[in-house]
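Enquirer: Dropping the structure in here first, questions after.
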Amino acid sequence: MSLPSQTILVTGANKGIGFEICRQLAQLGHHVILSARSEERGRAAVGALAKEGLKVDFLQLDTADEASIQASVLDLKKRLKALNVLINNAAILDTWQGTILDATAAEIRNTFITNTLGPVLLVQALLPLLEAGRPARIINVSSQLGSVANMTDGWAGYGISKAALNAATRKLAEALQPRGISVNAASPGWVRTEMGGASAPLPVEKGAQNIIRLITDIPHSLTNHYLEANGEIPW
Ligand SMILES: NC(=O)c1ccc[n+]([C@@H]2O[C@H](COP(=O)([O-])OP(=O)(O)OC[C@H]3O[C@@H](n4cnc5c(N)ncnc54)[C@H](OP(=O)(O)O)[C@@H]3O)[C@@H](O)[C@H]2O)c1
């Protein structure tokens, strides 16, 4: 499908799948805003892409910090007239994979704030830019571990936060369909990154493609879905 150049914001993009998404989208000719919570790590990532001849813009954005979300969106509104795609990619994993019976309040709280609340607050703040960029898309990078239908124990904070992100995806999809904005959740698969670890079967390039295909291969009319490379994941 040939697609006109899109303006796309990717969160948590200084490394891993988010960084690779930025690289591939820039290679396709899109206007990419690479965001990161650390200005230093984010600018280093932008510099690494520049060395490959790829120009992307930088935005400092900490999805766990409400004030940072508001300030970053204010900054973005000065720089952009419209945003076509938001990729909520930033996330953290519990520091250990124990059972929910031993999960600490801090783990559950931190994963929820970063992985669920941040994306929702970011959508609220970006709404005027997304409406100006219609038909616009929001992609919430989820995980198989967020499927309530397939839920197992372990990674308690992460699993709860991604299941809640899926629920938020459905609510946002309902709320934003009349406004011309589609919202879907997508799993990149199990990918070799710092989060996925060295045993993961997929290279980061493939994980990024599994997210980017929601922009390049999926019609805008498709909303309120939970997708992976091979099709739907049961909510
Ligand atoms: N890898 C997998 O196998 C796998 C499987 C299923 C789903 N996913 C999902 O894919 C996405 C990317 O994962 P990944 O494997 O690339 O993980 P990663 O290598 O650990 O990278 C995570 C990125 O998120 C950023 N981040 C964390 N907290 C943030 C915050 N508060 N504000 C802004 N950025 C923040 C990190 O920045 P810092 O460098 O500053 O920490 C980093 O850039 C996540 O949503 C993850 O849940 C991954």
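The numbers here are math on the coordinates, done by the rules we state, and not lab data. It should be emphasised that the depicted structure is a prediction, and the values quoted were computed from it without experimental measurement. Reconstructed Cβ throughout: ideal geometry from the backbone, glycine too, with neighbour counts over all protein chains shown.
Enquirer: What whole number of Å gives the distance from the Cα centroid of region 104-166 to the Cα centroid of region 185-222?
Expert: Comparing the Cα centres of region 185-222 and region 104-166, I get a distance of 16 Å.
Enquirer: What length, rounded to one decimal in nm, is gained on full extension from Gln97 through to Glu52, with 0.36 nm per residue of separation minus their alpha-carbon distance?
Expert: Difference between extended and current length: 12.5 nm.
Enquirer: What does the charge count around Gly207 come to, taking other residues whose C-beta lies under 10 Å from its C-beta (Lys +1, Arg +1, Asp -1, Glu -1)?
Expert: Here the charged neighbours net out to 0.
Enquirer: When the Kirkwood hydrodynamic radius is evaluated over all pairs of different C-alpha atoms of the chain, what value in angstrom, to one decimal, is obtained?
Expert: Hydrodynamic radius (Kirkwood, Cα only) of the chain equals 17.6 Å.
Enquirer: Lys pairs in the chain, Cα-Cα under 18 Å, at least 8 apart or on separate chains: how many?
Expert: So the count works out to 4.
Enquirer: Which one, Ala186, Ala168, Ala71, has the greatest fluctuation when you compute a Gaussian network model over the chain with C-alpha springs under 10 angstrom?
Expert: So, out of Ala186, Ala168, Ala71, the one fluctuating most is Ala71.
Enquirer: In addition: In the chain, what percentage of the DSSP-assigned beta bridges are antiparallel, given to the nearest 5?
Expert: Within the chain, antiparallel bridges account for around 10 percent of the total.
Enquirer: Using modelled amide H (1.01 Å from N, peptide plane; none on Pro or chain starts), what sits under 5 Å from the amide H of Arg192, excluding residues fewer than 5 places away?
Expert: For Arg192, the qualifying residues are Leu202, Val204.
Enquirer: Karplus couplings for region 174-190 from phi (6.51 cos²θ - 1.76 cosθ + 1.60, θ = phi - 60°), rounded to Hz, Gly and Pro as x?
Expert: Once θ is set to phi - 60°, the couplings for region 174-190 become 4, 5, 9, 4, x, 9, x, 10, 8, 9, 9, 9, 9, 9, x, x, 8 Hz.
Enquirer: Pick out which of Ala163, Ala36, Ala198 has the largest mean-square fluctuation in a Gaussian network model of the chain, springs linking Cα atoms closer than 10 Å.
Expert: Between Ala163, Ala36, Ala198, it is Ala198 that shows the largest mean-square fluctuation.
Enquirer: Same structure, new question: Would you calculate a helix-derived [θ] at 222 nm for the chain, using -39,500 (n - 2.57) for each DSSP H run of n ≥ 4 and dividing by the full residue count, to the nearest 500?
Expert: Here the helix-only value at 222 nm equals -13000 deg cm²/dmol.
Enquirer: How far, in nm, would the chain grow between Asp75 and Asp217 when pulled straight, counting 0.36 nm per residue and subtracting the alpha carbon separation?
Expert: 48.0 nm
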